[in-house]
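Visitor: First, the structure itself, so that you have it in front of you.
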Amino acid sequence: MVDFATTTMPTNDGSDVFSTVGRRKARKLFEAIGWLFILLLIFAGLSSLFSRVGFMVDAFSQEIKNPEEIFNAFDIRYVQHFLVV
């Protein structure tokens, strides 16, 4: 069993301080880069969403007489179940 009353805490001699000026600047830089990356991911997701919605609106606004002739077996389900899409 360890007796915590007799142990002493190590003193801070300044060699292991992580809040130096250089580290604070590096942290701010990495934080800014991280937020820019997050904003880039949000922009990519929203732009792909809006482009896909635009494509679907254009595709479904045209009347197709026989969808089985135009679409393959995989894509025909988007025409048959357009409300789910």
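The values are calculated or read from the model by the stated rules, or taken from the named source; none is laboratory data. These figures come from a predicted structure and were not determined experimentally. We place every Cβ from the backbone using ideal geometry, glycine too, and count neighbours over all the protein chains shown.
Visitor: I'm checking my understanding of the structure. Among residues of region 29-85 that are of a type in the set (Ser, Thr, Tyr) and part of a helix (DSSP H, G or I), which one is surrounded by the most Cβ atoms within 10 Å (Cβ to Cβ)?
Guide: TYR78
Visitor: From THR20, THR7, grab the single residue that is surrounded by 10 or more Cβ atoms within 10 Å (Cβ to Cβ) and modelled with pLDDT under 90.
Guide: Just one listed residue meets the conditions, THR20.
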